[in-house]
Amino acid sequence: MSALAFSALAGTAAADASLRAGSVAEASPLSAVHEWGTYISCQGSDGAILAGVHHEEQALPDFVHTRAESLKTDGSDDGLDWSPVAGTATEVTQKMETPVIYFYSDSTEDINVSVDVSFPEGITSHLYPNAQTNVPAIGEVTETAGGFTSWDVTVKAAGVQLDVPEVDEDNIWAPSRRVDANFVAGDNDEADRLIFYRGVGRFDLDLHASSDSDKSVLTLSNTDDSVDVPASFALETDGYSRGRVVALGSVAAGSTASTPLSDDARSLSGEWLPYAEYETRASVLLESSLRDAGLYPLEARAMVDTWTHSYFQTPGVRVLYVAPRSWVDTVLPITVEPTPEELERAFVGRVEVLLAGEEEALLQAVRRGSSWDTIESRMGRFAEPWLRRLSTLATEAGDDKAAARCLARADELA
């Protein structure tokens, strides 16, 4: 590491420590508990949420526990012990990826901590360290609901370090460790600087992204009349050479925000940025918003670095927004004992958007009989929900042949 980089990291760490010092009280041995994570959904041009988002994108390390039959996975599968079926109680409309929980304490003694996370409309599928309780029991899932996960861990005394499983620097797990949180020990010598969990759900949130080919506009609608969405962005990239970033700002309660589209409604409007500049601008905007949401600087940077590939480098159009705290607490109620002096939770909603013009172009490709490889190259891991959307559009247009072809392929991918 260069002297300049080391100085910058040290300065950020000092800023984190300074922020914590102001909130420490003797009443609790935990000065702060912070959590970040992300929800992923897919929405068509009508803004309606789509089923089939349980598919994986980036491999997790093989020490992570899952619900799959082997209880371990290399991250190449979805880690589930059931097969989600669209249109039924087992479908998946939201993928909750990489929530991590950090603990901060200046205590000279270890602290026994219990963490309970409820997931009323979902199920925890991956975790590390292993949990004492994770329901429903493996093999007993009848609906994507009723999740509850409980950990009993030891938060190590300030300055105590533990051996943690090795990962490569470019592994998705590595950035989440680049913080100065206390180390955490679970059962069977499992340890890290965090508690990690991931899950899938069957629920909707109150931010919807719709597009209109006639008006050539992308509209974000906050249907929650009681709370603002504090920050939102529209991003587009081809994945290798250029990208667009549109800062849409806060979306007021019960209100909308919008941005123009290209004339054919297949793309965002505005300036294309060179790839490096696009990625830098997007990451700076998101990192600043996460700090505003309560994360320490190192935590905000860790989250952005964790999701750089998924957020900024994956081809397509997407909306990112900082979820209101009340939404997070409703979807994932949490209890930490002993109660920390400060509990912050910053979650990013990620909406993969199928614009109106792109829907029309893809449906035309289906009607022409284009190969699935060609069609799905524009969809990535979201091929299943996109094909379900195309099937609906074809049905509405009276094209039963195209509708059946799309639905059959989506069922194959499920």
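Structure notes:
- The sum of -39500 (n - 2.57) across all DSSP H runs of n ≥ 4, divided by the residue count of the chain, sets its helix-only mean residue ellipticity at 222 nm to -7500 deg cm²/dmol.
- Taken as Cα centroids, segment 273-321 and segment 119-137 sit 28 Å apart, rounded to the nearest whole angstrom.
- Couplings for segment 236-248, taken from phi via the Karplus curve 6.51 cos²θ - 1.76 cosθ + 1.60 with θ = phi - 60°, read 8, 8, 8, x, 8, 10, 7, x, 10, 10, 10, 7, 9 Hz in order; Gly and Pro are left as x.
- Placing a pseudo-label 7 Å from each Cα along the Cα-to-Cβ vector at Asp152 and Arg177 gives an inter-label distance of 2.7 nm.
- Computed over segment 289-414, Cα set: Rg, Dmax in Å: 19.7, 62
- Cα point-scatterer Debye curve for segment 200-351, base-10 log of I(q)/I(0) at q = 0.12, 0.13, 0.15, 0.19 Å⁻¹: -0.54, -0.63, -0.82, -1.24
- Scoring 396-403, 95-102, 311-318, 259-266 by mean Cβ neighbours within 10 Å over their residues and listing the highest first yields 95-102, 311-318, 259-266, 396-403.
- Tilt relative to the chain, helix 3-21 - C-alpha long axis, 0 to 90 degrees, to 10: 70
- Ellipsoid equivalent to segment 102-225 - semi-axes via the Cα gyration tensor, in Å: 35, 21, 15
- Computed extension length for Ala252-Ala137: 37.4 nm, one decimal, from 0.36 nm per residue of separation with the Cα-Cα distance subtracted.
- Solvent exposure of the chain, expressed per residue, is 40 Å² of accessible area, with all protein chains present and a 1.4 angstrom probe.
- FRET efficiency estimate (nearest 0.05) - Cβ-Cβ, Thr339 to Glu396, R0 51 angstrom: 0.45
- Cα-projected label distance for Tyr240 with Ser262, points at 7 Å along beta-carbon direction, nm: 1.8
- Taking the Cα centre of segment 114-239 as origin and assigning +1 to Lys and Arg Cβ atoms and -1 to Asp and Glu Cβ atoms, the resulting dipole is close to 260 debye.
- Based on C-alpha pairs under 8 angstrom that are at least 6 apart in sequence, the chain has a relative contact order of 21 percent.
- Helix 275-292 vs. the chain, principal-axis angle (Cα, 0 to 90°, nearest 10): 50
- Between the C-alpha center of segment 226-240 and that of segment 349-414 there is a gap of 24 Å.
- With every protein chain in place, the chain: carbon and sulfur % of accessible area (1.4 Å): 48
- Taking 17 Å as the straight-line reach from the Cα of Lys215, the aspartates and glutamates in range (excluding those fewer than 8 positions away in the same chain) are Asp46, Asp263, Asp264, Glu358, Glu359, Glu360.
- Taking the longest Cα principal axis of the chain as reference, the axis of helix 383-396 is set at about 30 degrees.
- Val284-Arg367 pseudo-label distance in nm [points 7 Å out on the Cα-to-Cβ vector]: 4.5
- Note on the chain: Rg/Rh from C-alpha atoms, Kirkwood Rh, equals 0.97.
The values are calculated or read from the model by the stated rules, or taken from the named source; none is laboratory data. Bear in mind the structure is a predicted one, so any value in this text is a computation, not a measurement. With ideal geometry, Cβ positions are generated from the backbone for all residues, glycine too; neighbour counts draw on all protein chains shown. Accessible surface areas use protein heavy atoms only, side chains included; no ligands, DNA or RNA. Shrake-Rupley method; radii C 1.70, N 1.55, O 1.52, S 1.80 Å.
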